[in-house]
Amino acid sequence: MKNKQEKSVVVLAGAEMFDYLKEKVGERKTRTEAYSDLLDKSLAGFVSPFLKKQEYELQPYQCHVTISDLATEWHWHRATVRSFLETLETFGQLKRTKLVKSIVITMNVQSDRHPGTTVVQQEPDFAMQLQEALSDWVVGKTTSDEAGKICGQVVRQAIAGIAESDSRHYPDSHIDAVSVHAGKQEKDIRNIALGCVAQAALQRVLRKSRFDDGLPLIEFFRHELGGEWAAFIETSKELAGLILDTGTDGTTIDKDEDTECLKSLRKPFLSLLSRACEAAD
């Protein structure tokens, strides 16, 4: 029965359903088989053999292919492949990232909890746990060894949570793809943890500067810069570069005496920065 008003609905179907729906009609793949093939490739993080030298880090549910590869594998014309992918993207089933001679396909896959989003979903909580564990170390209440043990425990728990989630939510038929994704998640967890430690280390060093005198920088702003905020912003950028040893672009430093002047303002700058951070907390 044909309704006058068409309704848009979302149908949830697992990979097993698509395996069941597959039909073999000669060598040419059907649309269902082609779509299922894209799902399999994205789960496995497939990269075309001709693109091994391409430095493109795939995210979960992505595959890196060429139109020619898909046309050969599916026994389709390349124009048909392009049209098929464009139609699937219109339906919201995938997203294409076009590169020079290839394409990265991201499949729109949903699940309760999957390796592709575990860290993304839990990142704020995970980072917060680490920050809380490092807070006592920042203020000197715990030693580096004590903080390290706590951080290690938090990281191990997060990695164990990934393995537990994978074993509950994924069939054995996709164990290789899950292992690949789990490895990426472990890498992400460690990167987040290292970033939290680096941030805490800066906070600890900066905290020591809160008792330094910030008055010289205030006087410099008033007398040397004439109270000009744009000039102070540029000067602050140069000071930050000097402190972090990242190099400067020379926009405000023209002479050696100017450099020496800015060097003398590093402690006052850190003093004001430390107090501003404490006020924000």
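For the range 109-159, enumerate the residues that are modelled with pLDDT of 85 or more, surrounded by 13 or more Cβ atoms within 10 Å (Cβ to Cβ) and not in a helix (DSSP H, G or I).
142, the sole residue that qualifies.
Of the residues in the range 244-281, how many are among the polar types (S, T, N, Q), at pLDDT 65 or above and open to solvent by 50 Å² or more (accessible area, probe 1.4 Å)?
As a first pass, look at the range 244-281 and keep what is among the polar types (S, T, N, Q): 246, 248, 251-252, 259, 264, 271, 274.
Okay, now just the ones that are also at pLDDT 65 or above, so 259, 264, 271, 274.
Then keep just the ones that are open to solvent by 50 Å² or more (accessible area, probe 1.4 Å); that gives 264.
So the answer is 1.
Of everything in the range 45-101, what is β-branched (Val, Ile, Thr) and either more than 29 Å from the chain's Cα centre (by Cα) or under 23 Å from residue 183 (Cα atoms) (or both)? Give them in sequence order.
Of the range 45-101, the ones β-branched (Val, Ile, Thr) are 47, 65-67, 72, 80-81, 87, 90, 97, 100.
Answer for the range 45-101, where residues must be β-branched (Val, Ile, Thr) and either more than 29 Å from the chain's Cα centre (by Cα) or under 23 Å from residue 183 (Cα atoms) (or both): 47, 65, 72, 80, 81.
Residue 230 versus (1) surrounded by 14 or more Cβ atoms within 10 Å (Cβ to Cβ); (2) of a type in the set (A, V, I, L, M); (3) at pLDDT 80 or above: which is the lone unmet condition?
The single condition residue 230 does not satisfy is (1).
Name every residue in the range 30-46 that is open to solvent by less than 50 Å² (accessible area, probe 1.4 Å) and either of a type outside the set (Val, Ile, Thr) or in contact with a strand residue (DSSP E or B) (Cβ under 6 Å, 6 or more places away or on another chain) (or both), in order of residue number. Talk me through it step by step, then tell me what you get.
We begin by selecting, within the range 30-46, every residue open to solvent by less than 50 Å² (accessible area, probe 1.4 Å); these are 30, 33-39, 41-43, 45.
Passing the criteria: 33, 34, 35, 36, 37, 38, 39, 41, 42, 43, 45.
The values are calculated or read from the model by the stated rules, or taken from the named source; none is laboratory data. Source: prediction; values computed, not measured. In this analysis, Cβ positions are derived from the backbone assuming ideal geometry, glycine residues included, and neighbour counts consider all displayed protein chains. Protein only, heavy atoms only, side chains kept; ligands, DNA and RNA dropped before computing areas. Shrake-Rupley method; radii C 1.70, N 1.55, O 1.52, S 1.80 Å.
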